[in-house]
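Before any comments, here is the structure.
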Amino acid sequence: MKNFACAIFLFALIFFSETALFSCSPLRTAGGSEIGNPTSATVAGTVVYPGGGGYVAGADVRLRPKAFCKDTTQTALYKACASNANAMTDDKGRFVLDSVDTGNYSIEVNDGKSHAALIACSVESGDTVRTLPIDTARPTSQLSGTIMAAKNGDAVYVQIFGLDRVARADPVTGQFVVPDVPQGSYDLRILSSSPRYASFIENNVSVESGLGTSIGVVDLVSFGGWSHCRKLLLNTTATGAGITVNITQFPILVRLTYANFNFGEALADGADLRFTKSDGSFLPYEIEHWDGANNQAEVWFKADTIFGNDSTHYVNMYWGATAGSVTPLSNSAAVFDTANGFQGVWHLAEAGNTLATDATINGYNGTPFGMTAASSVSGVIGMAQKFDGSSSYIQMTGTAAGKLNFNENDFYSISAWVLADTLDFATDSSASRHDLTIVAKDNCQYSLKCFRTDFAFIQYKNAIGWESSISPAIVAIWKYVVGVCAGTRQYLYVDGICMADSVNFLETSSRARSMASDVTIGKTPPGTNNWSPYFFKGKIDEVRICNKALSADWIKLCYMNQRFDNKLIVGN
């Protein structure tokens with residue numbers, strides 16, 4: 001009882017202190033109640049004018065969930081959200097909102113005189129009082145644009161996620177204006193009352209204080225049978241992928257999760273997914289993996305051009321067609337086209353005891369040996385394969401001759417994501433050899449390896465020996481490794497950076513070059529010289545072999561797009 005009394009006294013002392021955030025007089029809170037014992041959390045803050053302009057007094061305060069969209073008065077278009085709360089600042093710019101549930105919120109404080117603040121707020125389980133840093137109300141701006149579908153006379157609305165605003169586009173001109181918007185970054189939803197048009201989501205619209213912002217022209221006409229559309233912005237500036245040149249015919253990875261995609265709005269197998277350029281032209285795509293029950297998918301689409309040092313170009317992603325009204329169009333061979341250099345692409349997303357499917361039209365499917373269903377594990381891009389270092393590997397039968405059988409001084413590239421369990425791992429009786437083979441075609445032809453303590457791209461030169469480009473390796477971390485042969489030159493890239501631009505290790509041999517083995521993942525084929533089969537111990541994902549020397553920019557873009565925190569697609 002004594003401890004309880006002390007706790008009450010301390011609470012009262014803080015609550016009624018002259019320097020405390022809370023006022024001695026009751027403040028207007030959500031529902032008009034005074035401050036009491038909150039059922040979840042109390043959110044409190046203070047807002048001032050810039051440059052010592054004083055407190056923002058008597059301003060409206062509106063707390064809305066980040067996913068909130070203001071009702072358009074048409075039930076079918078309304079995205080319902082709970083935990084909405086209103087308040088007003090006191091004479092010292094302070095506000096209090098009580099009984100706020102856990103979640104992520106936007107708080108708008110607006111004085112009605114062209115000054116406002118947008119405050120992000122997160123309430124976590126166990127919070128009782130969430131006191132926000134002092135914020136500043138700056139001059140507001142207007143948000144505008146033109147919606148093409150509105151010119152047909154249909155009612156078209158613009159909603160701002162997390163903000164209590166909605167605008168209707170002019171039915172004749174298609175133009176809309178949202179006035180008095182606080183400075184901040186917003187996601188917009190544009191939707192029509194007509195089922196002919198897909199709703200459209202515009203992400204990361206930046207509104208600057210005192211400056212008008214336009215989203216330009218949005219066309220809702222394309223894919224009229226689809227109910228949802230999102231713009232995928234491609235950022236190659238220094239804040240994104242960091243590419244300064246244009247890249248063409250490039251497969252782009254899109255990861256979909258519960259955080260960025262509502263799987264309940266799409267068909268169960270993703271058959272209604274579509275991608276288009278900004279002009280509505282269809283882009284080929286491949287669904288590598290789709291698991292709607294667990295809210296996860298990995299999808300590739302081919303962009304005809306990615307512009308260097310640019311953050312304005314985008315593609316549209318559509319979904320939400322009616323079951324039975326669409327045909328699945330996933331086509332891996334169109335994305336990884338042999339005409340663009342792809343001669344073998346293995347996502348390694350299958351169960352470990354089934355064929356490893358080649359995504360190209362060549363059909364170099366791999367047969368697993370010593371692998372089980374449990375060999376399929378989480379990778380960088382969906383699922384990957386785990387190799388035990390002693391018996392497991394995948395052999396692409398029939399590849400001894402053909403498009404993967406490169407000659408000396410050819411132009412070709414080999415890439416893979418790898419996670420080595422160990423580098424100090426002898427795979428034969430010789431204590432001096434520690435090879436972990438990632439991809440190889442005969443020990444006396446070409447390979448990508450963990451060689452002793454290094455990553456290595458190795459070519460065997462006839463009667464000369466193994467010419468290697470090497471760079472220090474690391475264990476227990478996913479690394480993107482690429483070997484490039486460009487005629488008499490060879491290169492090794494790790495995580496998009498060129499680590500070796502020449503041969504920096506030579507092991508001499510007078511043996512003849514051998515080209516008799518199939519391409520193998522996770523093991524070096526013994527070849528005609530009957531070498532020991534050097535196995536890989538760890539995980540391998542997304543193996544590719546191309547019949548051209550990939551550029552440094554292409555390789556960097558692959559890494560920046562495929563890494564866990566995708567740097568190419570804004571918000572993915």
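The values are calculated or read from the model by the stated rules, or taken from the named source; none is laboratory data. Computed from a predicted structure; not experimentally measured. Neighbour counts run over all protein chains shown; Cβ positions are idealised from the backbone, glycine included. We work out accessible area using only protein heavy atoms, side chains counted, and drop any ligands, DNA or RNA first. Shrake-Rupley method; radii C 1.70, N 1.55, O 1.52, S 1.80 Å.
Looking only at the stretch 346-386, which residues are free of Cβ contacts under 8 Å to residues at least 60 places away in the same chain, touching a helix residue (DSSP H, G or I) at 6+ places or on another chain (Cβ under 7 Å) and β-branched (Val, Ile, Thr)?
If we filter the stretch 346-386 for residues that are free of Cβ contacts under 8 Å to residues at least 60 places away in the same chain, which is where we start, we get 350-355, 357-358, 360-363, 365, 367-376, 378.
Retained after the next criterion (residues that are touching a helix residue (DSSP H, G or I) at 6+ places or on another chain (Cβ under 7 Å)): 351-353, 360-362.
Passing the criteria: 360, 361.
Only one of (1) of a type outside the set (Val, Ile, Thr); (2) touching a Leu at 6+ places or on another chain (Cβ under 9 Å); (3) closer than 30 Å to residue 260 by Cβ; (4) at pLDDT 95 or above fails for residue 483. Which number is that?
Failing condition for residue 483: (3).
Considering the stretch 358-369 alone, what residues qualify as being touching a Ser or Thr at 6+ places or on another chain (Cβ under 8 Å) and farther than 18 Å from residue 392 by Cβ?
Once the filter is applied, which keeps residues that are touching a Ser or Thr at 6+ places or on another chain (Cβ under 8 Å) and farther than 18 Å from residue 392 by Cβ, the stretch 358-369 yields 359, 360, 361, 362, 364.
From the list 408, 350, which one is open to solvent by 10 Å² or more (accessible area, probe 1.4 Å) and under 24 Å from residue 479 (Cα atoms)? Reasoning before the result, please.
Details: 408 fails: under 24 Å from residue 479 (Cα atoms).
Among 408, 350, only 350 is open to solvent by 10 Å² or more (accessible area, probe 1.4 Å) and under 24 Å from residue 479 (Cα atoms).
Hydrophobic (A, V, I, L, M, F, W, C), under 29 Å from residue 439 (Cβ atoms) and either in a strand (DSSP E or B) or touching a Pro at 6+ places or on another chain (Cβ under 8 Å) (or both) - does that describe any residue in the stretch 309-325?
Applying the first criterion (hydrophobic (A, V, I, L, M, F, W, C)) to the stretch 309-325 yields 315, 317, 319, 321, 323.
From the residues that got through so far, the ones that are under 29 Å from residue 439 (Cβ atoms) too are none.
No, that holds for no residue.
May I ask you to list the residues in the stretch 332-366 that are assigned to a loop (DSSP other than H, G, I, E, B) and among the aromatic types (Phe, Trp, Tyr)?
Going through the stretch 332-366, the residues assigned to a loop (DSSP other than H, G, I, E, B) turn out to be 336-337, 341, 347-355, 357, 359-365.
Matches in the stretch 332-366: 336, 364.
Before we move on, is residue 159 open to solvent by less than 60 Å² (accessible area, probe 1.4 Å) and out of contact with any Phe, Trp or Tyr (no Cβ under 7 Å at 6 or more places or on another chain)? Walk me through it before giving the result.
Values: open to solvent by less than 60 Å² (accessible area, probe 1.4 Å): yes; out of contact with any Phe, Trp or Tyr (no Cβ under 7 Å at 6 or more places or on another chain): yes.
When the stated conditions are applied, residue 159 passes them.
If you scan the stretch 307-322, which residues turn out to be touching a helix residue (DSSP H, G or I) at 6+ places or on another chain (Cβ under 9 Å) and closer than 22 Å to residue 206 by Cα?
First, pick out the residues of the stretch 307-322 that are touching a helix residue (DSSP H, G or I) at 6+ places or on another chain (Cβ under 9 Å): 308, 319-320.
Selection gives 308 alone.
Output the number of residues of the stretch 107-125 satisfying the condition of being among the acidic types (Asp, Glu) and either surrounded by fewer than 19 Cβ atoms within 10 Å (Cβ to Cβ) or more than 18 Å from residue 66 (Cβ to Cβ) (or both). Explain how you work it out, then say what you get.
Residues of the stretch 107-125 among the acidic types (Asp, Glu): 108, 111, 124.
Narrowing further to those that are either surrounded by fewer than 19 Cβ atoms within 10 Å (Cβ to Cβ) or more than 18 Å from residue 66 (Cβ to Cβ) (or both): 111, 124.
Total satisfying the criteria: 2.
Having 1 or more residues that are within 24 Å of residue 289 (Cβ to Cβ) and open to solvent by less than 50 Å² (accessible area, probe 1.4 Å) is the bar; report the strands (runs of 3 or more DSSP E) wholly within the stretch 470-572 that clear it. Working first, answer last.
Numbers: elements: 479-486, 489-494, 497-500, 505-508, 519-521, 537-546.
Fully inside the stretch 470-572 and qualifying: 479-486, 519-521, 537-546.
Pairs, please: C-beta under 8 Å, at least 6 apart or cross-chain, first residue in contact (Cβ under 8 Å) with a residue 40 or more places away in the chain and in the stretch 273-286, second open to solvent by 20 Å² or more (accessible area, probe 1.4 Å) and part of a strand (DSSP E or B)?
From the stretch 273-286, the pairs are 273/287; 274/282; 275/282; 276/282; 284/302; 285/302.
With respect to the numbered conditions (1) on the phi < 0 side of the Ramachandran plot; (2) crowded, with 18+ Cβ neighbours inside 10 Å; (3) out of contact with any Cys (no Cβ under 8 Å at 6 or more places or on another chain), which one is the sole condition not fulfilled by residue 323?
Of the numbered conditions (1) on the phi < 0 side of the Ramachandran plot; (2) crowded, with 18+ Cβ neighbours inside 10 Å; (3) out of contact with any Cys (no Cβ under 8 Å at 6 or more places or on another chain), the odd one out for residue 323 is (2).
Give me a count of the residues in the stretch 373-424 that are assigned to a loop (DSSP other than H, G, I, E, B), over 30 Å from the mean Cα position of the chain (by Cα), at negative phi and not basic (Lys, Arg).
Of the stretch 373-424, the ones assigned to a loop (DSSP other than H, G, I, E, B) are 379-382, 389-392, 397-410, 421-424.
Then keep just the ones that are over 30 Å from the mean Cα position of the chain (by Cα); that gives 389-392, 397-410, 423-424.
From the residues that got through so far, the ones that are at negative phi too are 390-392, 397, 399-401, 403-408, 410, 423-424.
With not basic (Lys, Arg) added as a condition, the list becomes 390-392, 397, 399-401, 404-408, 410, 423-424.
Total meeting the criteria: 15.
Being under 26 Å from residue 398 (Cα atoms), aromatic (Phe, Trp, Tyr) and in contact (Cβ under 8 Å) with a residue 24 or more places away in the chain is the requirement here; does residue 491 meet it? It would help to see each step written out before you state the result.
Details: under 26 Å from residue 398 (Cα atoms): no; aromatic (Phe, Trp, Tyr): yes; in contact (Cβ under 8 Å) with a residue 24 or more places away in the chain: yes.
In short, no.
Out of (1) under 30 Å from residue 139 (Cα atoms); (2) open to solvent by less than 40 Å² (accessible area, probe 1.4 Å); (3) not β-branched (Val, Ile, Thr), what's the single condition that is false for residue 214?
Condition not satisfied by residue 214: (2).
Any idea which residue in the stretch 235-283 is farthest from residue 553 (Cα to Cα), counting only those that are β-branched (Val, Ile, Thr) and in a loop (DSSP other than H, G, I, E, B)? So that I can check it myself, show each step before the final result.
Filtering the stretch 235-283 for residues β-branched (Val, Ile, Thr) gives 236-237, 239, 243-245, 247-248, 252, 254, 257, 276.
Filter once more, so that each one left must be in a loop (DSSP other than H, G, I, E, B): 236-237, 239, 243-245.
Values: 236: 11, 237: 13, 239: 16, 243: 6, 244: 8, 245: 7 Å.
So, considering only residues that are β-branched (Val, Ile, Thr) and in a loop (DSSP other than H, G, I, E, B), the one farthest from residue 553 (Cα to Cα) is 239.
Identify all residues within the stretch 126-140 that are in a strand (DSSP E or B), at pLDDT below 95 and surrounded by 15 or more Cβ atoms within 10 Å (Cβ to Cβ); write none if there are none. Let's see the steps before the verdict.
Residues of the stretch 126-140 that are in a strand (DSSP E or B), as a first pass: 129-131, 135-136, 138-139.
Now narrow it down to the ones that are at pLDDT below 95: 129-131.
Of everything in the stretch 126-140, just one residue is in a strand (DSSP E or B), at pLDDT below 95 and surrounded by 15 or more Cβ atoms within 10 Å (Cβ to Cβ), namely 130.
Taking interchain pairs and intrachain pairs at least six residues apart, which have beta carbon atoms under 6 angstrom, with the first residue in the stretch 65-90 and open to solvent by 70 Å² or more (accessible area, probe 1.4 Å) and of a type outside the set (Lys, Arg) and the second modelled with pLDDT of 80 or more and assigned to a loop (DSSP other than H, G, I, E, B)?
78/71
Could you tell me which numbered condition residue 345 fails, if it satisfies all but one of (1) in contact with a Ser or Thr (Cβ under 7 Å, 6 or more places away or on another chain); (2) on the phi > 0 side of the Ramachandran plot; (3) at pLDDT 95 or above?
In the conditions (1) in contact with a Ser or Thr (Cβ under 7 Å, 6 or more places away or on another chain); (2) on the phi > 0 side of the Ramachandran plot; (3) at pLDDT 95 or above, residue 345 misses (2) alone.
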